[in-house]
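The values are calculated or read from the model by the stated rules, or taken from the named source; none is laboratory data. What you see is a predicted model, and the numbers here were worked out from it, not measured in a lab. As a convention, Cβ positions derive from the backbone with ideal geometry for all residues, glycine included, and neighbour counts pool all protein chains shown.
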Amino acid sequence: MTDGPRVAVVGGGIAGALLAWRLSGHRVDVYTGPVRSDATAASGGLVRAFEADEAACRDALASLTELLGDARLREWAQYRESGSLYRLPAGDGETAAARVALIEQALPGSAEVIEPPHPLLAALGEPAVAVVERQAGNISPHALRNAALAHSGATVCPEPVAAVVADGVILADGQGRDYDAVVVSAGAWTPKLLAASGLPDPALRTKQIQYSVFPRAGSVDRPFVDDITGLYGRTFADGTLLLGLPGQRWDVDPSALTVDAPLATRVRQVAADVLGDRHTGAPDRIVVAADCYHGDPGLRLRPVPGGGSLFTFTGGSGGAAKTAVAASRTAASALLTRIDA
């Protein structure tokens, strides 16, 4: 370790762990707190480059490109190429073509726009347009988090953090520890921790995420997103099928989550319409977690208003697994620049 600035990363999910890894060679303490079910552990783990929004597409593309180009990261993440299908509403053909052209610059031959009739569209009806990605894949965010943390050289501190201040952290036992910079990367717990510190950020909100796991995948042979209905899904290695819809439970307490039964019912109904009756049976299980969203979407380092050398690094729009690899590199560079300024 160097004798340079000391950095505290509060939160040991995929974002915090990768940030600590990017800061290797610096004095970094990662506060993981008590072990609990979090968004990293519950993530479906799909990584792809396509997003309808250009900025989000660039972020996801940069992350996927680095993952594919680094054998070590692929091993850590347990990457498995699966391909993906993204269904878009009528009239979005130009947007799809523009994003595919962007993807093709970095990953030639990986993405294409398809229109009906096409055999890949049969499982999702007859959309006006869809984007197929060959090099999209599945990862284990949990495994990537653990590997990055193990290889970061950071000191892992299991003590829970009660509050953060401009120049340090305050532990649950009242002990204070000083740092040159503090990064709150606690996912769904970020708004709660900032509020407890007297530094609420109204742009950050906690949202419940939920998906159902069904006993068989049927004809769904690759991860998909249906932007028309909101339905998304992917198969697991054991042949079970994950299906979900965006929920609307905002500002939830991440330590007191309950199953959204109406949402689970809607998943079965929409799946019946989109995929057919084979997916309308009862799910094996329903997975519930929470994540942190920001009014300006994107996983990036953000200063906390009035917080001095205090920052957040959290999901922005959920689904941080798609962008965490590249976003952590950008965040580490920005943090070190601010510290050295």
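Does residue 154 satisfy the criteria of being surrounded by fewer than 23 Cβ atoms within 10 Å (Cβ to Cβ), aliphatic (A, V, I, L, M) and within 15 Å of residue 9 (Cα to Cα)? Even if it seems obvious, please write down each step before you answer.
Details: surrounded by fewer than 23 Cβ atoms within 10 Å (Cβ to Cβ): no; aliphatic (A, V, I, L, M): yes; within 15 Å of residue 9 (Cα to Cα): yes.
So residue 154 fails the test.
Quick check: anything in the stretch 216-225 in the same structural domain as residue 302 (by TED's automatic domain parsing), small (Gly, Ala, Ser) and either without any contact (Cβ under 8 Å) to a residue 12 or more places away in the chain or farther than 30 Å from residue 7 by Cα (or both)?
The initial filter retains those residues of the stretch 216-225 that are in the same structural domain as residue 302 (by TED's automatic domain parsing), namely none.
Within the stretch 216-225, not a single residue is in the same structural domain as residue 302 (by TED's automatic domain parsing), small (Gly, Ala, Ser) and either without any contact (Cβ under 8 Å) to a residue 12 or more places away in the chain or farther than 30 Å from residue 7 by Cα (or both).
A Cβ distance below 9 Å, combined with a sequence gap of six or more or placement on separate chains, defines the contacts here; from the stretch 151-163, residues that are over 16 Å from residue 184 (Cα atoms) reach residues that are modelled with pLDDT of 95 or more and among the aromatic types (Phe, Trp, Tyr) in the pairs 151/21; 151/76; 152/21; 153/21. Output the helices (runs of 4 or more DSSP H) that fall wholly within the stretch 1-73 and possess 3 or more residues being modelled with pLDDT of 95 or more, or say none. In the stretch 1-73, the matching helices (runs of 4 or more DSSP H) lie at 14-22, 54-69. Hey, which of the strands (runs of 3 or more DSSP E) in the stretch 123-180, taking only ones fully inside, have at least 1 residues that are in the same structural domain as residue 224 (by TED's automatic domain parsing)? Here the list reads 129-133. Screening residue 255 with (1) assigned to a loop (DSSP other than H, G, I, E, B); (2) within 25 Å of residue 138 (Cβ to Cβ) gives one miss only, at (2). Looking only at residues of the stretch 273-289 that are of a type outside the set (Val, Ile, Thr) and modelled with pLDDT under 85, we find that the one that is surrounded by the fewest Cβ atoms within 10 Å (Cβ to Cβ) is 277.
When the stretch 177-220 is filtered for residues that are surrounded by fewer than 17 Cβ atoms within 10 Å (Cβ to Cβ) and within 26 Å of residue 285 (Cα to Cα), the ones remaining, listed by number, are 215, 216, 218, 219.
Scan the stretch 258-294 residue by residue and report those that are outside any strand (DSSP E or B), touching a residue at least 24 places away in the same chain (Cβ under 8 Å) and of a type in the set (Lys, Arg). Residues satisfying the conditions are 268, 278. For the stretch 301-322, does any single residue satisfy the condition of being assigned by TED's automatic domain parsing to the domain that holds residue 169, in a helix (DSSP H, G or I), farther than 20 Å from residue 192 by Cα and of a type in the set (Lys, Arg)? Yes, the conditions are met somewhere in the stretch 301-322.
Across the stretch 66-88, the qualifying residues are those that are touching a strand residue (DSSP E or B) at 6+ places or on another chain (Cβ under 8 Å) and surrounded by fewer than 17 Cβ atoms within 10 Å (Cβ to Cβ), and the one among them that is nearest to residue 227 (Cα to Cα) is 81. Within the stretch 191-250, if we keep just the residues that are more than 18 Å from the chain's Cα centre (by Cα) and in a helix (DSSP H, G or I), the residue that is farthest from residue 90 (Cα to Cα) turns out to be 196.
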